[in-house]
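Everything below concerns the one structure shown next.
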Amino acid sequence: MQPVNLFNLAAQQARWLSVRQSVIAGNVANVNTPGYVARDVKPFEAVLDNRHVAMAATEPGHMQGNNPLVQDVSLREDNENPVVLPSGNTVSLQTELVKSADVQRQFNLNTAIVKAFHNMLAMATKE
Amino acid sequence: MDPLSTALKVAASGLDAQSERLRVVSENMANAQSTGRVPGSDPYRRKTITFTAAVDHASGGAMVKVSNIGRDESAFPVDFDPGNEAANADGYVKMPNVNMLVEMADMREANRSYEADLQVVKQARNLISMTIDLLRSGS
């Protein structure tokens, strides 16, 4: 695997995590909105499956698959939480905060990996 | 737009909405004993507040905003208090339809939601600083 590919993958995951954080922010902000249905992003695996490792185009005639960088993270309604308030709101504050902590942890791991990889590259290129 | 700044913006809209709600609650509580001025007149009428989800078109985030500050149309309770300036001919005074218990519960809920929004802001800030720290590892 080429190093560039790993950076790309890490950037994809960071993007996915940021989108998830903003969706969580939307849910928490709307915790008292009547009729609001909680949302979540599709799992990262689904984002990954949409995009196989692309083959290099070495000739102008080669066809390229979808460009990995413009891949959109799509939303879905969050049906995991069965509690529906009388107002029709399905946001559960504790679930959202747990999700947010999860995002934080994964982001931490993600940046640590990028850092480690960057250090390895830097080591290899030094002298 | 960067999703993390969207998260901050959305959480800020939640903070705004909840503080507006706290304002309405404090108005209700402050006026829990405000009777009318002239005999037989209506006292302070309790205010209500409702939220609605509003999609921010620039970022696609689900913001929240105050949709309506309405009036609670329930009946006023009456007290027997002939000395009050708003007392009618029989000595009864219409009191505001504010229930302290309901207002307290509302206040606590607003508080809780506000704290959750603050927590989200904190988390988003953490994510941003983690990303910036990537640049610092260089040495």
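Of all residues assigned to the stretch B:25-37, none qualifies as being closer than 30 Å to A:VAL19 by Cβ and touching a helix residue (DSSP H, G or I) at 6+ places or on another chain (Cβ under 8 Å). Being of a type in the set (Asp, Glu), out of contact with any Ser or Thr (no Cβ under 8 Å at 6 or more places or on another chain), at negative phi and outside any helix (DSSP H, G or I) is a property that B:ASP16 lacks.
For the stretch A:113-127, taking the residues that are surrounded by 12 or more Cβ atoms within 10 Å (Cβ to Cβ) and free of Cβ contacts under 8 Å to residues at least 40 places away in the same chain, the one that is farthest from the chain's Cα centre (by Cα) is identified as A:ALA122. Among A:GLY61, A:GLY88, which is outside any strand (DSSP E or B), open to solvent by 20 Å² or more (accessible area, probe 1.4 Å), of a type outside the set (S, T, N, Q) and at pLDDT 70 or above? After ruling out the rest, the residue left standing is A:GLY88. Of everything in the stretch B:82-101, what is out of contact with any strand residue (DSSP E or B) (no Cβ under 7 Å at 6 or more places or on another chain) and either within 12 Å of B:TYR44 (Cα to Cα) or open to solvent by less than 70 Å² (accessible area, probe 1.4 Å) (or both)? Give them in sequence order. Scanning the stretch B:82-101 gives B:ASN88, B:PRO96, B:ASN97, B:VAL98.
If a residue must be in contact (Cβ under 8 Å) with a residue 12 or more places away in the chain, small (Gly, Ala, Ser) and part of a loop (DSSP other than H, G, I, E, B), how many such residues does the stretch B:85-123 contain? Within the stretch B:85-123, residues that are in contact (Cβ under 8 Å) with a residue 12 or more places away in the chain, small (Gly, Ala, Ser) and part of a loop (DSSP other than H, G, I, E, B) number 3.
Selection of the stretch A:84-112 for residues being in contact (Cβ under 8 Å) with a residue 60 or more places away in the chain, within 13 Å of the chain's Cα centre (by Cα) and more than 9 Å from chain B (Cβ to nearest Cβ) yields A:LYS99, A:GLN106.
Screening the stretch B:66-81 for residues that are of a type outside the set (A, V, I, L, M, F, W, C) and either open to solvent by 80 Å² or more (accessible area, probe 1.4 Å) or part of a strand (DSSP E or B) (or both) and picking the one that is farthest from B:ASP42 (Cα to Cα) gives B:SER67.
Of the residues B:ALA17, B:ALA7, B:ALA54, B:ALA58, the single one that is open to solvent by 40 Å² or more (accessible area, probe 1.4 Å), within 14 Å of another protein chain (Cβ to nearest Cβ) and small (Gly, Ala, Ser) is B:ALA58.
Among the residues making up the stretch A:113-127, those that are more than 8 Å from chain B (Cβ to nearest Cβ) and assigned to a helix (DSSP H, G or I) are A:ILE113, A:ALA116, A:PHE117, A:MET120, A:LEU121, A:MET123, A:ALA124, A:THR125. Among the numbered conditions (1) surrounded by 20 or more Cβ atoms within 10 Å (Cβ to Cβ); (2) more than 17 Å from B:MET107 (Cβ to Cβ); (3) of a type outside the set (Phe, Trp, Tyr), the only one that B:VAL25 does not meet is (2). Restricting the first member to the stretch A:41-53 and to residues that are over 18 Å from A:LEU6 (Cα atoms), and the second to residues that are modelled with pLDDT of 80 or more, the beta-carbon pairs closer than 6 Å and six or more apart or on different chains are A:VAL41/A:VAL19; A:VAL41/A:ARG20; A:VAL41/A:VAL23.
The values are calculated or read from the model by the stated rules, or taken from the named source; none is laboratory data. Computed from a predicted structure; not experimentally measured. Heads up, the Cβs are rebuilt from the backbone with ideal geometry, glycines too, and the neighbour counts pull from every protein chain shown. The protein model used for the area step is the full one, side chains on, heavy atoms only, and it has no ligands, DNA or RNA in it. Shrake-Rupley method; radii C 1.70, N 1.55, O 1.52, S 1.80 Å.
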